[in-house]
1. Does Gly186 satisfy the criteria of being small (Gly, Ala, Ser), in a strand (DSSP E or B) and surrounded by fewer than 20 Cβ atoms within 10 Å (Cβ to Cβ)?
2. Can you tell me which of (1) under 21 Å from the mean Cα position of the chain (by Cα); (2) surrounded by fewer than 19 Cβ atoms within 10 Å (Cβ to Cβ); (3) in contact (Cβ under 8 Å) with a residue 60 or more places away in the chain is the one Ile176 doesn't meet?
3. In segment 100-117, which residues are aliphatic (A, V, I, L, M), closer than 20 Å to Ala160 by Cβ and buried (at least 18 other Cβ atoms within 10 Å of the Cβ)?
4. From the list Phe207, Phe221, Phe180, pick out the single residue that is touching a strand residue (DSSP E or B) at 6+ places or on another chain (Cβ under 6 Å) and either among the polar types (S, T, N, Q) or over 30 Å from Asp101 (Cβ atoms) (or both).
5. If Ser110 meets every condition in (1) at pLDDT 95 or above; (2) of a type in the set (Ser, Thr, Tyr); (3) over 28 Å from Glu79 (Cα atoms) apart from one, which number is that one?
6. Quick one: Gln57 ticks every box in (1) within 30 Å of Glu203 (Cβ to Cβ); (2) touching a strand residue (DSSP E or B) at 6+ places or on another chain (Cβ under 9 Å); (3) at pLDDT 95 or above except a single one, so which number is it?
7. Show the residue pairs meeting these rules: Cβ distance below 9 Å; 6+ apart or different chains; first residue within segment 135-155 and on the phi > 0 side of the Ramachandran plot; second residue of a type in the set (D, E, K, R).
8. Assuming Leu30 fulfils every condition listed in (1) of a type outside the set (Ser, Thr, Tyr); (2) crowded, with 16+ Cβ neighbours inside 10 Å; (3) more than 22 Å from the chain's Cα centre (by Cα); (4) under 23 Å from Gly159 (Cβ atoms) apart from one, which condition is it?
Amino acid sequence: MSINRFIAFVFLIGVCGCQRQATQPAPIVLKDAPCDCPFITGQPTYTINQTPDSLTQYYLAIWKRKFMQRNGIDDARFEATIKYVSGSLQTWLQGVSFRVDFMYQLDWLSIRHSEQFQVYYDPEATKAYAIDVPRGIYLAEAQIPSRGLWDNYQPLQIGAKLAFASCADACQALKIKTKFPVLKPGEVLFYPSLQLPALPAGEPYLFSGGTIDSTANRCVFGRINLVTGEAQATEEPCWIN
């Protein structure tokens, strides 16, 4: 090989090496998302029923007794933590359900929550269901089943000591424990028992999300238990086509 061909060969290798280096993707630098929590205001985002009728008042009293019994609290604890209680009768295909919206407040934490239980079973719509309740009438307290097919409620951790002094502290702990600084707070709620039953039902959680790489459809979603401090985050697609 002549000296000129050798120089040209070495030059070509260098050019190819540079091109390969230039096409390598740059490392992803995860930006630190702010830990602001504007959703914790302590104020309801729903309309409070200020003038409930007699039937609504009747079921509201039943709900309160069942709520305190289910969660093992007395009237003083209820009044200290459960705010902006609003009840309403809601008609739907299977009959009528009684829904209660309220705010749970403890220290800095404020969670909107709702529960409901059926109080009227439509005779035609529910005749195929083996439910031992009278049809076509509004149920008295003794007639309301302990757990109806379409009821929605669960035990809640009322008054449990919080592991963090603020929402921002919980957010920072979640980012540190999961090593995902892009996680931004999204909401706080009592974790429902119907989703992932392996988690403690009824404990308050902070849920967060963030984008790792939008062009590659990479996002992360995390949660932290506000009582135990246990945290978890998983990478998932930002969207699914």
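1. Spelling it out, Gly186 is indeed small (Gly, Ala, Ser), in a strand (DSSP E or B) and surrounded by fewer than 20 Cβ atoms within 10 Å (Cβ to Cβ).
2. Of everything listed in (1) under 21 Å from the mean Cα position of the chain (by Cα); (2) surrounded by fewer than 19 Cβ atoms within 10 Å (Cβ to Cβ); (3) in contact (Cβ under 8 Å) with a residue 60 or more places away in the chain, Ile176 misses just condition (3).
3. Across segment 100-117, the qualifying residues are Met103, Leu109, Ile111.
4. Residue meeting the stated conditions: Phe180.
5. Result: Ser110 passes all but (3).
6. Tallying (1) within 30 Å of Glu203 (Cβ to Cβ); (2) touching a strand residue (DSSP E or B) at 6+ places or on another chain (Cβ under 9 Å); (3) at pLDDT 95 or above, Gln57 fails exactly one: (1).
7. Every condition considered, the pairs that remain are Gly136/Asp122.
8. (4)
The values are calculated or read from the model by the stated rules, or taken from the named source; none is laboratory data. Bear in mind that the values here come from a model prediction, so they are computed numbers and not experimental data. Virtual Cβ from ideal backbone geometry, glycine too; neighbours counted across all protein chains shown.
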